[in-house]
1. For residues that are outside any helix (DSSP H, G or I) and under 21 Å from the mean Cα position of the chain (by Cα), tally how many sit in the stretch 9-55.
2. So A161 ticks every box in (1) crowded, with 20+ Cβ neighbours inside 10 Å; (2) among the small types (G, A, S); (3) modelled with pLDDT under 90 but one. Which box is left unticked?
3. Taking the options W175, W167, name whichever one is modelled with pLDDT of 90 or more, over 16 Å from the mean Cα position of the chain (by Cα) and not small (G, A, S).
4. Going by what's in this entry, would W127 be described as over 24 Å from V67 (Cβ atoms) and within 23 Å of the chain's Cα centre (by Cα)?
5. Which residues, taken from the stretch 171-199, are among the aliphatic types (A, V, I, L, M) and surrounded by 20 or more Cβ atoms within 10 Å (Cβ to Cβ)?
6. Go through the stretch 136-164 and report how many residues are of a type in the set (F, W, Y) and within 23 Å of the chain's Cα centre (by Cα).
7. Collect the residues in the stretch 111-169 that are touching a residue at least 12 places away in the same chain (Cβ under 8 Å) and either in contact with a Pro (Cβ under 8 Å, 6 or more places away or on another chain) or among the hydroxyl-bearing types (S, T, Y) (or both), keeping them in residue-number order.
Amino acid sequence: MAVDNQTVVYISEQIVILISCALSFLGSLLIIFTYIIWPDLRTTPRTLLVYLSVADLLSAGSYAYGVWSVFESNSVDCVVQGAISTFANTSSFFWTVAIAIYLYILIVKSNQRQADSFVLCFHVISWGIPLGITVAALALGRIGYDASEVSVGWCWVKIQAPDHVLWMLLTGKIWEFLAYLTLPVLYVLIKKHIHRAHAALSEYRPILACSPLSQSLSNMADRKLTLIPIIFIALRIWSTVRFLLMLADSPARQNPVLVTLHPIRSRLSTMLCCCSCRVGSGASLIPSNTLNHSGLGLNVETPSQPEDPLNTSSRGWPDGC
């Protein structure tokens, strides 16, 4: 593909994208600072969210630098920016899925110990694989100027590399496609589990299940579990569309609307995972001693004293998440 086919990045597009990157940068900083300042917020789900925020922070900063610079060659800063954004963006995919897996084990399997045991694996995978891919791409000279064919001014995979499509898949797109499949499945399973658990709770503890607080938190969790995968895909689909249009060599990939929407795909992922982190609070209305019954994950033991549905910390749910 000739470099002459480069996509023109207009000033208006730069402004919109820079504002988007700035908001993402500030949002990630806010999450990190609140985690540092308030020890009570340091639950495991929020800790995972902080790691995702670090990846998004690097991603937003590198994208902003690229959009501001609008590279036109394989300069040193182009390669450095491309390496940072490649690592950060790929890591962001892994951490997004890691949070969904953690919540699935915590809520559906009702096993906080098992969920916590996966945290080390999340670190190895979410930092190690992106780092390995980025180092390999740098060593083979695949990071560099891409003529904004599947970016907006920043550098990624050298568009003139003979195997640039393969490296675009390895440095982001294949993980993006897997996230499209994995996240909806996990959140649908969590949602179905909460519905079954709430139905069983309604049968055995109708007063608790029908309380306004229980209904409100259950409905809130249900809405978030529905919206998270939908919004995640809706925000990221624009970069996927441009990638597919590039494979088809379609000039539509240079459409100003697609170019503007492209970088917004990752800017709100932290907010989405923040919402998912709170799902445990909605699910926490199902006490731990009503779990594992009749294949529904529930039993009929009735405590001698009524339990406070808000005392979630003693049951292993991510209270305060």
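The values are calculated or read from the model by the stated rules, or taken from the named source; none is laboratory data. Just so it is clear, the model here is predicted, and its values are computed rather than measured. In this analysis, Cβ positions are derived from the backbone assuming ideal geometry, glycine residues included, and neighbour counts consider all displayed protein chains.
1. Total satisfying the criteria: 2.
2. The one condition A161 does not meet is (1).
3. Working: W175 fails: over 16 Å from the mean Cα position of the chain (by Cα).
Among W175, W167, only W167 is modelled with pLDDT of 90 or more, over 16 Å from the mean Cα position of the chain (by Cα) and not small (G, A, S).
4. On the way: over 24 Å from V67 (Cβ atoms): yes; within 23 Å of the chain's Cα centre (by Cα): yes.
Here the answer is yes, as W127 does meet what is asked.
5. Pass one, the stretch 171-199, residues among the aliphatic types (A, V, I, L, M): 174, 178-179, 181, 183, 185-186, 188-190, 194, 197, 199.
Residues satisfying the conditions are A179, L183, L186, I190, I194, A197.
6. Going through the stretch 136-164, the residues of a type in the set (F, W, Y) turn out to be 145, 154, 156.
Then drop every residue that is not within 23 Å of the chain's Cα centre (by Cα), which leaves 154, 156.
Looking only at that region, the number is 2.
7. S126, T134, Y145, S148, S151, V152
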